[in-house]
There are 2 protein chains.
Amino acid sequence: MPKTISVGRSIFANNDEVAGENRRRLDTAGVLAINVMASPGAGKTSLILATARALSGRLRCGVVEGDIAGDIDARLAEEAGLPAVQINTGGACHLRAAMLAEALGELPLGQIDLLFIENVGNLVCPAGVLLGERLRVVVSSTPEGHDKPLKYPAAFRQADAVVISKCEIADYVTFDSGTYEAYLRQLSSVVPLFRLSARTGEGMSEWVLWLEEQRRRHGA
Amino acid sequence: MPKTISVGRSIFANNDEVAGENRRRLDTAGVLAINVMASPGAGKTSLILATARALSGRLRCGVVEGDIAGDIDARLAEEAGLPAVQINTGGACHLRAAMLAEALGELPLGQIDLLFIENVGNLVCPAGVLLGERLRVVVSSTPEGHDKPLKYPAAFRQADAVVISKCEIADYVTFDSGTYEAYLRQLSSVVPLFRLSARTGEGMSEWVLWLEEQRRRHGA
């Protein structure tokens, strides 16, 4: 069973200070942490697990799963052989740095190269809250529609990379990739955009190459 | 062009008091208001527009569209011939009663039987915030997965009805309807559950009948 941390709302102060401490701790341990943000059901967990499989033998992945309730995602990660911690926010709509600090204490950081921090499913609230990550990745899935960058600009504006997931069903849900990209480019002309399917593997290699490059860039 | 209201965060106090005033105002006008809550891209707008079409000639529908930015949804509603107001929350993750109060002033309430209030796409934060609605409906789409009631219990627990949308692609996204319902029944043994597709019309008639029944129950 994965370790589950339940956290109330009251104990947080100075989020950015704690985020800074997390960042130093991760840097010292040589861990590149990635804050993964998306709507509920965008396929964050599937993407993380497929990425870890694709990186197998090259980079060692770990997972922090943020959810309001339940440990279903951390159990999936553990079954896939990854070090995983579940954070239950007890109603809070996003992770905070103190929650990540607690989770880091439960993980074998010396055995992790990439740490995926799966935020609570929410395309709004996590955007402004630093955890201590080096990279912020926004995932949005084709069935959510091509208007997401227009409607949720804050999350996309702050992203270091954007992933369009579930591309294998793009045709069934009449997803217009060009319109999506046009909206995204109004917010950021340079952010890398990956179109992929965690299920079929389509587009995964570009995404994985980018992650390996980021790992080299941020040292360790 | 639909009317757009932009609202900052600072002007709200006593949300529940304003919600009570909204409710009295809606009751007096004979309007049944429905707060529609869902993840980004769950198909709230498509459901509302398909419902208004199905009710055409029987009940007159109006729409309040809540979004962080953009007026794309209100324009769609206006193009469909519905009275519509767009609220831009300017970053706020859910509607508040004062935002609805402003929107009500822009709508021809005497010509509306059912008012759909489409909340900001967010399965977490709108759950605890009353607007003045008589009914709260949670929509979750098949591509989001069957674990949503487990992961976002607050929204589902407070719902007067739950809609599973995009059922026409359930098979492509390996959605397990039985598991979804089992999770939902742990939260509420009685809440009505509708499985439908706004695109194909499958399941719409039961949903529309329920709305008509609610309209009769709540008088006007």
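The values are calculated or read from the model by the stated rules, or taken from the named source; none is laboratory data. Quick caveat, the model's predicted, so the values are computed rather than measured. Positions of Cβ are generated from backbone atoms using ideal geometry, with glycine treated the same way; all protein chains shown enter the neighbour counts.
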Of the residues in the stretch B:177-217 that are under 18 Å from B:V36 (Cα atoms) and of a type in the set (V, I, T), the one that is farthest from the chain's Cα centre (by Cα) is B:V191
Out of A:L131, A:L59, A:L107, report the one residue that is away from chain B (no Cβ under 11 Å), crowded, with 24+ Cβ neighbours inside 10 Å and more than 29 Å from A:A170 (Cα to Cα). A:L131
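Could you list, in sequence order, the residues of the stretch A:71-95 that are more than 14 Å from chain B (Cβ to nearest Cβ) and either in a helix (DSSP H, G or I) or buried (at least 19 other Cβ atoms within 10 Å of the Cβ) (or both)?
Within the stretch A:71-95, A:A77, A:E78, A:E79, A:L82, A:P83, A:A84, A:V85 qualify.
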Kindly indicate whether any position in the stretch A:30-41 is of a type in the set (S, T, N, Q), under 16 Å from the mean Cα position of the chain (by Cα) and assigned to a strand (DSSP E or B). yes
Any chance A:L115 is more than 12 Å from chain B (Cβ to nearest Cβ), within 14 Å of the chain's Cα centre (by Cα) and either closer than 30 Å to B:R157 by Cα or free of Cβ contacts under 8 Å to residues at least 40 places away in the same chain (or both): no
Those residues of the stretch B:191-220 that are closer than 21 Å to B:D113 by Cβ, at pLDDT 95 or above and not in a helix (DSSP H, G or I) come to a total of 4
Collect the residues in the stretch A:134-153 that are more than 7 Å from chain B (Cβ to nearest Cβ) and among the basic types (K, R), keeping them in residue-number order. A:R134, A:R136
Neighbours by Cβ (under 8 Å, 6+ apart or cross-chain): first from the stretch B:52-81, at negative phi and hydroxyl-bearing (S, T, Y); second assigned to a strand (DSSP E or B) and surrounded by fewer than 19 Cβ atoms within 10 Å (Cβ to Cβ): none
Taking the stated definitions as given, is B:F156 within 14 Å of chain A (Cβ to nearest Cβ) and modelled with pLDDT of 95 or more? yes
Single residue of the stretch B:184-211 satisfying the filter (aliphatic (A, V, I, L, M) and away from chain A (no Cβ under 14 Å)) that is nearest to B:L55 (Cα to Cα): B:V208
So A:S141 passes all but one of these: (1) more than 23 Å from B:P126 (Cα to Cα); (2) touching a residue at least 12 places away in the same chain (Cβ under 8 Å); (3) not acidic (D, E). Which condition number does it fail? (1)
Go through A:G43, A:G30, A:G57 for me and flag whichever is of a type outside the set (V, I, T) and under 30 Å from B:V138 (Cβ atoms). A:G43
Quick check on the stretch A:143-156. Is at least one of its residues closer than 25 Å to A:E213 by Cα and touching a Pro at 6+ places or on another chain (Cβ under 9 Å)? yes
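Quick grid of which residues meet (1) aliphatic (A, V, I, L, M); (2) crowded, with 18+ Cβ neighbours inside 10 Å:
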{"residue": "B:K151", "(1), (2)": "no, yes"}
{"residue": "B:C167", "(1), (2)": "no, yes"}
{"residue": "B:D176", "(1), (2)": "no, no"}
{"residue": "B:T179", "(1), (2)": "no, no"}
{"residue": "B:A182", "(1), (2)": "yes, no"}
{"residue": "B:Q186", "(1), (2)": "no, no"}
Among A:E168, A:E213, which is out of contact with any Phe, Trp or Tyr (no Cβ under 6 Å at 6 or more places or on another chain) and under 25 Å from A:G30 (Cα atoms)? A:E213
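Quick one: is A:A52 more than 14 Å from chain B (Cβ to nearest Cβ), under 18 Å from the mean Cα position of the chain (by Cα) and modelled with pLDDT of 95 or more?
When the stated conditions are applied, A:A52 passes them.
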Among the residues of the stretch A:118-128, which ones are buried (at least 19 other Cβ atoms within 10 Å of the Cβ) and either away from every other protein chain (no Cβ under 14 Å) or not aliphatic (A, V, I, L, M) (or both)? A:E118, A:N119, A:G121, A:N122, A:C125, A:P126
When you scan the stretch B:159-183, how many residues do you find that are of a type in the set (G, A, S) and either closer than 17 Å to A:V120 by Cβ or within 12 Å of chain A (Cβ to nearest Cβ) (or both)? 2
Looking only at residues that are buried (at least 18 other Cβ atoms within 10 Å of the Cβ) and aliphatic (A, V, I, L, M) in the stretch A:194-209, which one is nearest to A:D160 (Cα to Cα)? A:V208
